[in-house]
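Colleague: First the structure, then my questions, so here it is.
The values are calculated or read from the model by the stated rules, or taken from the named source; none is laboratory data. Keep in mind it's a predicted model, so treat the numbers as computed, not measured. So basically every Cβ, Gly included, is an ideal-geometry build from the backbone, and we count neighbours across all protein chains shown. Ligands, DNA and RNA are stripped out before the accessible areas are found, and what is left, the full protein with its side chains, is counted by its heavy atoms. Shrake-Rupley method; radii C 1.70, N 1.55, O 1.52, S 1.80 Å.
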Amino acid sequence: MRGYKQFLLQLLETFGVFKLLRWRNRHCPQVIMYHRVNDDPSISGLPSSEFEKQIAYIAKHFRVVPIETLIQEIKEQRIRPYTIAITFDDGHSDFYEHAWPVLKKYKAPVSLYITTSFVNKELWLWPDLLKYVMLNCTKKQINIFPMGELSFTQDSFLKSWNILGDHCLTLTSDSRNKFIAELAYLSNCELPPKPVTPFLPVTWDQLKEMISDGLDIGSHTVSHPILSGLDTTTLRHELIDSANIIRQKLGYQAKGICYPNGRLIDINNNVIYQAEKCGYHYGLLARNHPINANAPFLIGRLSTHTNFNYFKWILTSHPTEQYQQYFN
């Protein structure tokens, strides 16, 4: 974030604008979304120290509740001011190592939505596999259709990552796997069959330990596909089998489904219908979307940010896409 934008945010907080906006939006419940907490600069994630700053801020200024409490209060139209729920997606090992101790310290309820085949070490999450290729290839300049010439050098890494990631979002699971395999071949990178450090999943034993201390577990499907592109049989497999595996491994009933990728175009009416039919109580998006008592399967979430001032702005103002684009 550019210096003048940080200065503007600091100015807004200094003159009480953050406090005023927080008061104005006090009756608007919020759900915040995290993915990874780690100190490895080569992968995307929030540094441990920044994560603790954020949780400390949330604990001080908001009423932190389990997400089911938030949803129930919305349904019953008795939501209390400054209510927020904290969520994590995927189930990487750094949740147990870095995030969970902080959440326990601040007594902050949290829900973790796991991709069961990832936790079983049966598959890579595709963003992890893509990043592994980019980090471990020996050929740093490649030409791949339809993007053309790409560079994986330090100066061009983020730009190439965004181009490749955006392209992968348009593909089916099979097509995406083939694309990443082709990318690995062209860039001289051998793909490990299972996730390796720093892309390891949390273990089932670690999940059991955290559940005994109050962690809530939800489903992020079996294999993290885009649900709107699946036929009904495959869709039900992703929804039902993930919940069954969680119940078998942990003795825990997953009540929420977190949609992979989580954009509105990644789900449809059949996804919502099948999720409810399969026994889920609610569904989570990965975008800022109005939280409505009549739409428990379209719960919007706010993305966090590595810049602390902008993080506070997100929680304070519920920024529109226009403002998000300005401050990013």
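Colleague: To the nearest 20 debye, what charge dipole does the chain have about its Cα centre, counting +1 at the Cβ of each Lys and Arg and -1 at the Cβ of each Asp and Glu?
Modeller: Approximately 1120 debye in magnitude.
Colleague: Of K107/K255; K255/K312; K131/K249, which pairs sit farther than 25 Å apart, going by alpha carbon to alpha carbon?
Modeller: Pairs exceeding 25 Å: K255/K312; K131/K249.
Colleague: A further question follows. Gaussian network model of the chain, Cα springs within a sub-10 Å range: biggest mean-square fluctuation belongs to which of D40, D128, D90?
Modeller: Between D40, D128, D90, it is D40 that shows the largest mean-square fluctuation.
Colleague: Kirkwood hydrodynamic radius (Cα pairs, Å) of the chain?
Modeller: With all distinct Cα pairs of the chain included, I get 20.8 Å.
Colleague: Can you tell me the accessible area per residue over the stretch 223-320, all protein chains present, probe 1.4 angstrom, in square angstrom?
Modeller: Computed with neighbouring chains in place, this is 40 Å² per residue.
Colleague: K5 versus Y57, label points 7 Å from Cα toward the beta carbon: distance in nm?
Modeller: 1.5
Colleague: Roughly speaking, to the nearest percent, how much of the stretch 97-141's 1.4 Å accessible area is carbon and sulfur?
Modeller: After summing per-atom areas, the C and S share lands at 51 percent.
Colleague: Would you mind calculating the gained length between A293 and F308 on full extension (0.36 nm times residue separation, minus the Cα-Cα distance), in nm to one decimal?
Modeller: 2.3 nm
Colleague: What lysines does K104 reach when the alpha-carbon gap must be under 20 Å and sequence neighbours fewer than 8 apart in one chain are set aside?
Modeller: K53, K60, K208
Colleague: What percent do you get for the relative contact order of the stretch 178-299 when only Cα pairs under 8 Å and 6+ apart count?
Modeller: It rounds to 20 percent for the stretch 178-299.
Colleague: Also: Would you check the accessible area of K277, probe 1.4 Å, heavy atoms only, in square angstrom rounded to 10?
Modeller: Solvent-accessible area, nearest 10 Å²: 120 Å².
Colleague: With the contact rule set at Cα under 8 Å and sequence spacing of 6 or more, what percent relative contact order holds for the chain?
Modeller: Across the chain, relative contact order equals 20 percent.
Colleague: Between E76 and T172, what is the label-point separation in nm under the 7 Å Cα-to-beta-carbon projection?
Modeller: The answer from the label model is 4.5 nm.
Colleague: Still on this structure: So what is the accessible area of the stretch 47-165 per residue, in Å², with the probe set to 1.4 Å?
Modeller: 44
Colleague: Now for a separate question. Could you grab the relative contact order for the stretch 42-85? Cα pairs under 8 Å, six or more apart, rounded to a whole percent.
Modeller: Result for the stretch 42-85 is 38 percent.
Colleague: Please list Y106, Y282 in order of solvent-accessible area, largest first, computed with a 1.4 Å probe with all protein chains present.
Modeller: Listed by decreasing accessible area, they come as Y106, Y282.
Colleague: Taking the Cα-to-Cβ direction at K194 and at E276 and moving 7 Å from each Cα, how far apart do the two end points lie in nm?
Modeller: 4.0
Colleague: How large is the accessible surface of I240 in square angstrom, using a 1.4 angstrom probe and rounding to the nearest 10?
Modeller: Here the accessible area works out near 50 Å².
Colleague: While we're on this one: For R301, list long-range residues whose amide hydrogen, built 1.01 Å from N in the peptide plane, is under 5 Å from its own amide hydrogen.
Modeller: Sorted by chain and number, the residues that satisfy this are L285, R287, N288, H289.
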